[in-house]
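Take a look at the structure set out below.
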Amino acid sequence: MKKLTMLAIALISLQATAQDRREDQKDSRKERVEKMKNISAKDMAQLQTKKMTLHLDLTEAQQKKIGELNLRDAKNKKAKIEKRLKEKKEAKKRSQEELIKMQNEKLDKQIAKKKEMKAILTAEQYEKWEKMQAKRSKHMKKKKMHRKKHQMQDRKEKGRKEHKR
């Protein structure tokens, strides 16, 4: 009986810890979004270019060209973030057509970026860059799946709480 009680206490405390961790992750995600909102496009581009310089050993000419590409991309990203935040405040849901259009635009931009990068980088650098992109994409998908899993758990918990009332 004593062991059963200890096991129940351990399970309850473990559940409470997991819920706290999820709430902390939500808070840290909100903080990251706020920080990204406050970083200028120029600073974002500069940071990205420096990271790429370290990983790909870029020449001065390559740094300049890639810096321009990164600045353009950062400006687009900032505009997209602002638009998304505005839509979120208005509680606007996207239609299926809008989602498809956005996906097509995203893919077109990725294709164009690949062409531009291929023109700027050497074959060896381009291969490294593609590996970096694949790794990044895999990491982002993993994070997205993790976030969806926790959103579903949160919805279930919320439903349980409302059902108890």
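Bear in mind that the values in this text are calculations on the coordinates, not laboratory data. Fair warning: this is a prediction, and the values are worked out from it, not measured in the lab. Every residue, glycine as well, gets a Cβ built from its backbone with ideal geometry; the counts of neighbours run over all protein chains shown.
For this structure, a couple of remarks:
- Other residues whose C-beta falls under 13 angstrom from the C-beta of G67 contribute a net charge of +2, scoring Lys and Arg +1 and Asp and Glu -1.
- Given K64/K118; K42/K78; K78/K128; K92/K141, the pairs whose alpha carbons are separated by over 18 Å: K78/K128; K92/K141
- For the residue pairs K75/K114; K80/K106; K113/K144, the C-alpha atoms sit more than 20 angstrom apart in K113/K144.
- FRET efficiency, K92 to H139 (Cβ-Cβ, R0 25 Å, nearest 0.05): 0.30
- Within region 87-126, trypsin sites (Lys or Arg not before Pro) in DSSP loop having at most 15 other beta-carbon neighbours inside 10 Å: K92, K93, R94
- Residue-count net charge about D108 - beta-carbon cut-off 13 Å; Lys, Arg +1, Asp, Glu -1: +4
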